[in-house]
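Participant: This is the structure I want to talk about, given as structure tokens.
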Amino acid sequence: MQLITNPRAIEEQSMRIIEDHLPDLARLPAGERAIVKRVVHTTGDLSCAQLMRFHPRAVESGLSALRAGKPILTDVNMVRSGLIKDRLAALGVAVDCLINHPEVVTRARARGTTRAMVAMELGAPKIEGGIIAIGNAPTALFTLCRLISTGQAKPALVVGTPVGFVGAAESKEELISLDIPYITITGTRGGSTIAAAVINAFLLMA
């Protein structure tokens, strides 16, 4: 095979290959299609397309939040690190992650719970109208769902893709049950790269 070295050409060919292998993507609305393609491209896993779930208002809500310069909160720094910096800057969007905040560390140690839970308790109520992206910790998503259910957190969009075999699938099922715009991937699959891919798709569209 001929080696392609141009980054744009590599991405364009990757997207064409994804479209060739997943012709049903053409049936999706343009925004959802762009997000699914970005996730498949990031993971190299065509089967992810069948696992993605979207609230009907997810794309509209996410784009509106970014275009209004609303902030993003992530559960772990890996999600934040994976976002397209120049797009964030162009939109005036700040990204925060409290997982290593001293108060979070202290409270989590005292309570014997995960830092992700405490970070979400402290950060989510401040992100009204913004986007919360959880790519790693099911405990963070469970906590966020509780905060939303009790009216303590009001994000415009939740990207919930925690990964693993303990609580990941269940936390995403709880997210889907809420009346709030969300994007998730069902089951045990997920991860920070998927959460970042979803946000990056929004940044490229916005």
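The values are calculated or read from the model by the stated rules, or taken from the named source; none is laboratory data. Note that the structure is a prediction, hence the values are computed from the model and not measured. Don't worry about glycine lacking a Cβ; one is built from the backbone with ideal geometry, like all the others, and counts go over all protein chains shown. The area values use the complete protein model at the heavy-atom level, side chains included, leaving out ligands, DNA and RNA. Shrake-Rupley method; radii C 1.70, N 1.55, O 1.52, S 1.80 Å.
Participant: Enumerate the whole-percent occupancy of each 5 Å bin, from 0 to the last occupied one, for all C-alpha pair distances of the range 8-106.
Facilitator: 2, 10, 17, 18, 20, 17, 10, 4, 2, 1, 0
Participant: Per DSSP helix of 4 or more residues, -39500 (n - 2.57); summed, then divided by the residues of the chain. What does that give at 222 nm, rounded to the nearest 500?
Facilitator: Numbers: 10 runs with 106 residues, N = 206.
Here the helix-only value at 222 nm equals -15500 deg cm²/dmol.
Participant: On alpha carbon coordinates alone, what is the Rg over Rh value for the range 53-205, Rh being the Kirkwood radius? Walk me through the intermediate numbers first.
Facilitator: Details: Rg = 13.9 Å, Rh = 14.9 Å.
Using only Cα positions, Rg/Rh for the range 53-205 is 0.94.
Participant: For the chain, modelled as a Gaussian network with Cα springs under 10 Å, which listed residue fluctuates most, Gly92, Gly135, Gly187?
Facilitator: It is Gly92.
Participant: To the nearest Å, what is the center-to-center distance of the range 6-74 and the range 118-155, using C-alpha atoms only?
Facilitator: Result: 23 Å between the Cα centres.
Participant: Between Leu144, Leu66, Leu122, find the one with the highest GNM mean-square fluctuation for the chain; connect C-alpha pairs within less than 10 Å.
Facilitator: Of the options given, Leu122 has the highest mean-square fluctuation.
Participant: If you don't mind, there's one more thing I want to ask. When the gyration tensor of the range 1-65 is built from Cα positions, what are the square roots of 5 times its three eigenvalues, in whole Å, from largest to smallest?
Facilitator: On the way: eigenvalues 119, 38, 19 Å².
Semi-axes, largest first: 24, 14, 10 Å.
Participant: Given springs between every Cα pair under 10 Å in a Gaussian network model of the chain, which of Ser171, Ser47, Ser192 has the largest fluctuation?
Facilitator: Ser47
Participant: Another question, then. Might you tell me the accessible area per residue for the chain, computed with a 1.4 Å probe and given in Å²?
Facilitator: Values: 10010 Å² over 206 residues.
On a per-residue basis, 49 Å².
Participant: Of the accessible area of the chain, with the probe set at 1.4 angstrom, what percent is carbon plus sulfur?
Facilitator: Carbon plus sulfur share of accessible area: 53 percent.
Participant: Sticking with this structure for a sec: Number of Lys-Lys pairs in the chain under 20 Å by Cα, sequence gap 8 or more or different chains? Spell out each step's value before the answer.
Facilitator: Details: Lys70/Lys85; Lys70/Lys126; Lys70/Lys154; Lys126/Lys154; Lys154/Lys172.
Eligible lysine pairs with Cα atoms under 20 Å apart amount to 5.
Participant: Can I ask one more? What does the charge dipole of the range 53-205 about its Cα centre add up to, to the nearest 20 debye, if the Cβ of each Lys and Arg holds +1 and the Cβ of each Asp and Glu holds -1? Walk me through the numbers on the way to the answer.
Facilitator: On the way: 16 positive and 11 negative charges, 41 e Å.
Result for the range 53-205 is approximately 200 debye, rounded to the nearest 20.
Participant: If packing is taken as the mean number of other Cβ atoms within 10 Å per residue, what is the order of 13-21, 97-105, 196-204, highest first?
Facilitator: On the way: 13-21: 13.0, 97-105: 16.7, 196-204: 24.4.
Listed from highest to lowest mean packing, they are 196-204, 97-105, 13-21.
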